[in-house]
């Protein structure tokens, strides 16, 4: 599945919700989770599982626009004996911190591990000049502390919770927020600095702490819902149409295909705006666009619409350097040819590659062929190699460069053992044109004349 995108609700402009930079790939939904068999004496065995199942699903229940899904897979026997939280790709929940890994003051801690799979990038909600990068989660474990007493939801409602006690459902719902990818609405530093003064931020399930013996955090508030919907709400991605190449020579026609989930089902008017990265745009659903100049192009879409569960929404999705349009390799600016050379010592010369690299990826293959009397002596695959010609004499050198825009070959004749250094030489003979060895593609041999 392609990466998710950012959904920015139009409801209030100021919000405190934050993300951890990780989220679950929908390909693994329902996200599986397990229980450790290290139980707490505070709660019955059945309730220990049931309350966690209620808490993880509270995010789906209270934020239906996010369409989250999780599934309980059972108890892991004896797993805690080798330590608690781990990156074994089995999301496991532990009571009473059997490995003693939590800080003393922590009520519960979520240990999440990112994968190397990039999900998307999102403009920071507080500073639009900052871009945050998101990766898919590979493993997430939750460890509840042994330093506090946990009570059932009914016990809290009935006033039976006392002392250093907490509602396990409230704490678990908060920790599962981290599990899904939510960070604190406000941290301790924000509060102490006076930067957390909105009641919705303070009453959020994801507020950095919570009161003793309270069930308030069992349910999400508006700030929590906005934040989780920004990660998992209606989304759209795009790719090139089947059989279409997004790398090639100019003019390069690329046909795009919009992929949506939860958008069509949401109903309402849907407006799509494509930005092809070269200053042009389109409002078509599946447009084709021709790139006429070489470059790496970032393609993005902005989708706006409405739905019963989400209200009005607007989101952006972009793929950096998605299209690569190239010309055949050519000399860089201020150079007359593709390469020159410098004498190093003896019969060894340094080749100086002068190809244009202003568009990354437009030169991706290189081969130097050395001929003497029209017989191939050696081939070297390096950008700017030192070549030992072995003995004095006249040699023809052919530089072959290839890329999405085609293949270019250029030849020079070098007299080894003559002048010690040089930056130009006589053209290679017409028969020296074995650049086809590089890619098996047709190209024209560039002939350089003596300066």
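Taking only the Cα atoms of the range 6-232, the ratio Rg/Rh comes out at 0.95, with Rh defined as the Kirkwood radius.
Compared with the alpha-carbon gap, the fully stretched path from residue 117 to residue 44 is longer by 22.4 nm at 0.36 nm per residue.
Note on residue 242 and residue 89: the extension gain reaches 51.8 nm, defined as 0.36 nm multiplied by sequence separation minus the Cα-Cα distance. Fewest neighbouring Cβ atoms within 10 Å first, the residues 71, 121, 169 line up as 71, 121, 169. Legend: ranking of residues 360, 395, 135 from fewest to most surrounding C-beta atoms inside 10 Å; resulting order 360, 135, 395.
Antiparallel beta bridges, as assigned by DSSP with both residues in the range 136-271, represent about 65 percent of the total such bridges. A compact globular protein would have a Cα radius of gyration near 2.2 N^0.38 Å; the ratio found for the range 235-326 is 1.15. Under Stokes-Einstein, with the Kirkwood radius over Cα pairs as Rh, the value for the range 134-211 at 37 °C and 0.692 mPa s is 232 µm²/s. Share of pairwise Cα-Cα distances greater than 19 Å in the range 359-418 is 33 percent (whole percent). Over the range 6-232, Cα pairs under 8 Å with separation of 6+ residues give a relative contact order of 28 percent. Calculated on the alpha-carbon coordinates, the convex hull of the range 77-117 measures out at 86 cubic angstrom per residue. Just so you know, the Rg over Rh for the range 151-286 is 1.21, from Cα atoms, with Rh as the Kirkwood radius. For residue 314 and residue 386, a Förster radius of 41 Å and the Cβ-Cβ distance give a FRET efficiency of 0.15, rounded to the nearest 0.05.
Values of log10 I(q)/I(0) for the range 307-394 across q = 0.13 Å⁻¹ run -0.60, by the Debye formula with one identical scatterer at each alpha carbon and no solvent.
Taking other C-beta atoms within 10 angstrom as a stand-in for reagent exposure, 186, 213, 288 fall in the order 288, 213, 186, fewest first. Taking the three principal axes of the alpha carbon atoms in the range 10-93, the coordinate ranges are 48, 27, 23 Å, sorted in descending order.
Hey, how much of the P(r) for the range 63-169 falls beyond 22 Å, as a percent of Cα pairs? When all Cα pairs of the range 63-169 are counted, 53 percent exceed 22 Å. Per-residue packing, averaged as other Cβ atoms within 10 Å, sorts the ranges 47-54, 139-146 into the order 139-146, 47-54, beginning with the highest.
Laboratory data are not the source of any read-out in this text; all were calculated from the coordinates shown. All of these numbers come straight from a predicted model, not from anything done at the bench. Neighbour counts run over all protein chains shown; Cβ positions are idealised from the backbone, glycine included.
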